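A short reminder: the numbers here are calculations on the coordinates, not readings from a lab. The structure presented is a predicted model; accordingly, all values stated were derived computationally and were not measured. Every residue, glycine among them, receives a Cβ derived from its backbone with ideal geometry; neighbour counts consider all protein chains shown.
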Amino acid sequence: MSANATPFFTPEEYLDIERAAEVKSEYYDGQMFAMSGGTLPHSLIGARLIAAVSSALRGGRCNVATSDLRIRISSRGPFVYPDLSVYCGEPELADNYRDTLLNPTVVFEVLSKSSEGHDRGHKFSQYRKIPSLREYVLVSQTEPRIEVFLRQPEGTWILTEFVGMDAVCRLASLDCGISLGAVYDGVGLESPSA
Amino acid sequence: MASGSSAHAFLSLAIGSELRQALRNRGCHVGGSNLRVRVSERGPYFYVDGTVTCGKAQTAGDNDIALNPTLIVEVLSKSTEAFDRGDKFGHYRKLESLKEYVLVSQTEPRVETFVRSEDGRWTFTEFAGTEAICRFASIDCDIPVAAIYEGIELGSA
């Protein structure tokens, strides 16, 4: 989320503007925040995640969507674009434009220095309000490390960390594993300052 | 280290004093923000906003470095939130003594806890709003969110 906040918009105004816009913006509390582009490692990691998760889910009832798909957290917002989302069964969409998903099972965010605090803090607190969401996955771009938050029946979340090229990230809600080697091999990782 | 806002200072002391009161006669010590925590012999060293150490406290340096905290408190601020939630927590997880990591918001009445379970995983729980009661499982202690935030004017950062 960047500092270029706009005047107040209703969710309907946001969607009208967003559907005609050339640049994606997220929407929180009546304000639009333009999304910046990612680094090369961010993009490569995102692409490999899509390949690895799609491959693991092939033939099942769950589907992977890219960061083009907007997610609505409630009818008043926020509206966000995760780096990757997975929904299972029928997609629930906000309206006939078929561009806003309501029922993700898993969302992935590739961390970057500028958005890490937001992704771990406020954005996660918003994602937790989505009843269908079972797992929240944070993917480092400075080292081979994936953190998974898995929702428990009583409303708490269990954090499991997968570190190293030999690790396999277990996604319990999808009953699949993602090899960190497949996600990170050949990606020139960002230095921690990036 | 940047100095904190007044809300940051008030909240650090408030949660520390509530913890001290709740833990009286329980064999635990509550430390304030002038104590450093050492993660390993090679470091890193961090100033924390609060600690609880149960059992015999081990220290190093000039008796000002805590080695075996049971619980660590950080009051969040905008400039350090990513670090507190990310890499700093990653370092703290390597501290074998640590059973619970507590994050205190200074923009709204909200306390988050991460509790280590037997299998080494961490359970995250959020206690939000002045009606909520924080459960600090590692030290078997309950403190109302309202008691921590009572009389403190919250900041915007």
Problem - Mean-position separation - Cα centroids, the stretch B:119-133 and the stretch A:118-135, in angstrom - result: 14
Problem - Nearest-ten-degree value, helix A:11-20 long axis tilted from longest Cα axis of chain A - result: 70
Practice task
Would you mind giving the average projected area, over all directions, of the Cα convex hull of the protein assembly as shown in nm² with one decimal?
Solution key: 18.8
Completion exercise
Taking every alpha carbon pair in the stretch B:19-106 and sorting the distances into 10 angstrom bins from 0 up to the bin holding the longest one, the percent per bin comes out as 17, 54, 26, 3
Fill in the blank from the handout: Expressed as a whole number, the average count of other chain Cβ atoms within 10 Å around the Cβ atoms of A:153-165 is 3
Completion exercise
In Å³ per residue, the alpha-carbon convex hull of the stretch B:92-157 encloses 92
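How would you classify the stretch A:1-113 from its alpha-carbon gyration tensor, with a ≥ b ≥ c the square roots of the eigenvalues: rounded for a/c under 1.5, else prolate if a/b is greater than b/c, otherwise oblate?
It is oblate, given that a/c is not under 1.5 and a/b is not larger than b/c.
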Practice task
Alpha carbons only, please: Rg and Dmax for the stretch A:107-178, in angstrom.
Solution key: 12.2, 33
Handout entry: Peptides B:95-103, B:56-64 ordered by average Cβ neighbours within 10 Å, highest first
Key = B:95-103, B:56-64
Exercise for the section: Round to the nearest 10 and give me the degree value, 0 to 90, for the angle of helix B:6-22's Cα axis relative to the longest principal axis of chain B. Expected result: 70
Exercise for the section: For the stretch A:140-194, count the residues as N, evaluate 2.2 N^0.38 Å, and divide the Cα radius of gyration by that value, please. Expected result: 1.28
Completion exercise
Ordering A:60-69, A:106-115 by per-residue average of other C-beta atoms within 10 angstrom, highest first, gives A:106-115, A:60-69
Exercise for the section: State the volume of the convex hull built on the alpha-carbon positions of the stretch A:80-146, expressed per residue in Å³ and rounded to an integer. Expected result: 89
Problem - Binned Cα-Cα distance frequencies in chain B - 10 Å width, integer % - result: 11, 44, 37, 8, 0
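What does the convex hull of the Cα atoms of the stretch A:72-194 come to per residue, in Å³, rounded to a whole number?
121
Is it possible to state the helix-based mean residue ellipticity at 222 nm for the protein assembly as shown, with each DSSP H run of 4+ residues giving -39500 (n - 2.57), the sum divided by total residues, to the nearest 500 deg cm²/dmol? What is it?
Numbers: 9 runs with 77 residues, N = 351.
Only helices count here, giving -6000 deg cm²/dmol.
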Handout entry: Number of partner chain Cβ atoms within 10 Å, mean per residue of B:82-91
Key = 5
Practice task
Report, as an integer, the average count of C-beta atoms from other chains found within 10 Å of each Cβ along B:124-134.
Solution key: 2
Problem - Spatial separation of Cα centroids for the stretch B:42-62 and the stretch B:67-107, in angstrom - result: 13
